[in-house]
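Here the structure comes first, spelled out in structure tokens, and everything after it is commentary.
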Amino acid sequence: MELRNINTFLHIAELHSFSRTARQLGYSQSAVSSQIAQLEAELGAPLFDRVGKTVRLTGAGETFLGYARTLLATVEQAQAALQLPQQISGRLRIALADSVCSTFLPDLLQRYHAQFPQVELVLCTATDDGMLQMLTTNQVDLAYTLDHPLLQPTLVRAVDVPEPVCFIAPAGHPLAARDTVSLEELVQQEFLLTERGMSYRDALDQCLAAHGLQLQPYLELGSAALLCQMVERGMGLSFLPEYIVRAALAAGTLARLNVPDCRVEMHRQLFYHRDKWLTPQMKGFIALVREGTAQPAAPTQA
């Protein structure tokens, strides 16, 4: 029984699609079908019902699902057990939120590479939903998100740090001298915002909608760090995580606006799948993230 076939089976079970699995794994669709046919022949039972474009696990497939996850986890455990601490190698795949990547990653990667020079790091940025999907299908080992507290029974939360999000304006902006600013005044200003679908942008839109208001930014951009720089240049106002703008606030190039009617707090969270064997590579990264937090959070079931 080939591990490659088992991995393909797990992807189809999560994605409910042979074609999507083929795209994600870089196989042809015929190769995916052949792998599942081989696995079904070895097990002596059909694993999927294929009705039209719908793919669902059979009873035998449901039974095999737990064993398949255990098989892959056991292989990872065996590989890890044979590695001495000073010889830890292999790959560590991490999905990150853009703002987390631009702010925390450079120092984190420098320290990680110093401790684990033989580990190959594979990083990607994605939306929060995208990251959780990647964890579920074992495309990544860890997901480092910025979102509301996530409650998912299939995930383990290794780190949880609250992070406030704030309105910012260029230093010298007329609103910067105000003790408080109303939402009605804000929506009259020019704004540069992150794209819709990002956690704190959605929280802002929901807050405004609750007051019957809406913002129409003249620019939407995925990079929070770049938005911070553009606000410093006087190009408009924005709404960003405090950790992104903290240095600029301290330097006096940005001003934080006090908007009592819109208080938003996200959580910087690091997740892994509950069925995932914690490899030495993963343990090392989790430990370094915890070291960088003021109040490290103990692992809890998310």
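The values are calculated or read from the model by the stated rules, or taken from the named source; none is laboratory data. None of these values were measured; they are calculated from a predicted model. Every residue, glycine as well, gets a Cβ built from its backbone with ideal geometry; the counts of neighbours run over all protein chains shown. The protein model used for the area step is the full one, side chains on, heavy atoms only, and it has no ligands, DNA or RNA in it. Shrake-Rupley method; radii C 1.70, N 1.55, O 1.52, S 1.80 Å.
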Matching residues in the stretch 140-162 - criterion: being crowded, with 20+ Cβ neighbours inside 10 Å, touching a residue at least 60 places away in the same chain (Cβ under 8 Å) and either under 19 Å from N7 (Cα atoms) or in contact with a helix residue (DSSP H, G or I) (Cβ under 8 Å, 6 or more places away or on another chain) (or both): D141, L142, A143, Y144, T145, L146, D147, L155, A158, V159
field: In the stretch 5-48, residue least open to solvent (accessible area, probe 1.4 Å) [restricted to those that are at pLDDT 90 or above and of a type in the set (D, E, K, R)]
entry: E40
field: Whichever residue in the stretch 121-133 is in contact with a helix residue (DSSP H, G or I) (Cβ under 9 Å, 6 or more places away or on another chain) and of a type outside the set (S, T, Y) and, among such residues, is nearest to V165 (Cα to Cα)
entry: D128
field: Filtered residues of the stretch 175-195 (kept if open to solvent by less than 50 Å² (accessible area, probe 1.4 Å), of a type in the set (G, A, S) and within 19 Å of L249 (Cα to Cα))
entry: A176
field: Extreme residue, most open to solvent (accessible area, probe 1.4 Å), among residues of the stretch 223-251 that are without any contact (Cβ under 8 Å) to a residue 40 or more places away in the chain and within 21 Å of D128 (Cβ to Cβ)
entry: L226
message: I'd like to know if the stretch 86-105 contains one or more residues that are farther than 24 Å from R268 by Cα, open to solvent by less than 30 Å² (accessible area, probe 1.4 Å) and either modelled with pLDDT of 85 or more or not acidic (D, E) (or both).
response: yes
message: Criterion first (more than 25 Å from N5 (Cβ to Cβ), part of a strand (DSSP E or B) and in contact with a strand residue (DSSP E or B) (Cβ under 9 Å, 6 or more places away or on another chain)) does L121 satisfy it?
response: yes
query: Pairs under 6 Å by beta carbon, first residue within 16 Å of T136 (Cβ to Cβ) in the stretch 63-82, partner at pLDDT below 85 and open to solvent by less than 70 Å² (accessible area, probe 1.4 Å), six or more apart or different chains?
result: R69/D275
task: Name every residue in the stretch 133-159 that is part of a strand (DSSP E or B) and over 25 Å from A73 (Cα atoms), in order of residue number.
output: L146, D147
task: Can you confirm whether the stretch 92-114 contains a residue that is in contact with an Asp or Glu (Cβ under 6 Å, 6 or more places away or on another chain) and of a type in the set (V, I, T)?
output: no
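Conditions tested, residue by residue: (1) over 26 Å from the mean Cα position of the chain (by Cα); (2) modelled with pLDDT under 90.
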residue: P174; (1), (2): yes, no
residue: Q189; (1), (2): yes, no
residue: L221; (1), (2): no, yes
residue: M230; (1), (2): no, no
query: So, of the residues in the stretch 135-152 that are under 11 Å from L96 (Cβ atoms) and hydrophobic (A, V, I, L, M, F, W, C), which turns out to be nearest to the chain's Cα centre (by Cα)?
result: A143
field: Flag if E220 is of a type in the set (D, E, K, R), touching a residue at least 12 places away in the same chain (Cβ under 8 Å) and open to solvent by 50 Å² or more (accessible area, probe 1.4 Å)
entry: yes
- request: Considering each residue of the stretch 196-217, count those that are loosely packed, with under 13 Cβ neighbours inside 10 Å and either within 19 Å of L249 (Cβ to Cβ) or within 30 Å of the chain's Cα centre (by Cα) (or both), and give that number.
  value: 7
statement: How many residues of the stretch 132-151 are modelled with pLDDT under 90 and out of contact with any Phe, Trp or Tyr (no Cβ under 8 Å at 6 or more places or on another chain)? The answer is 10
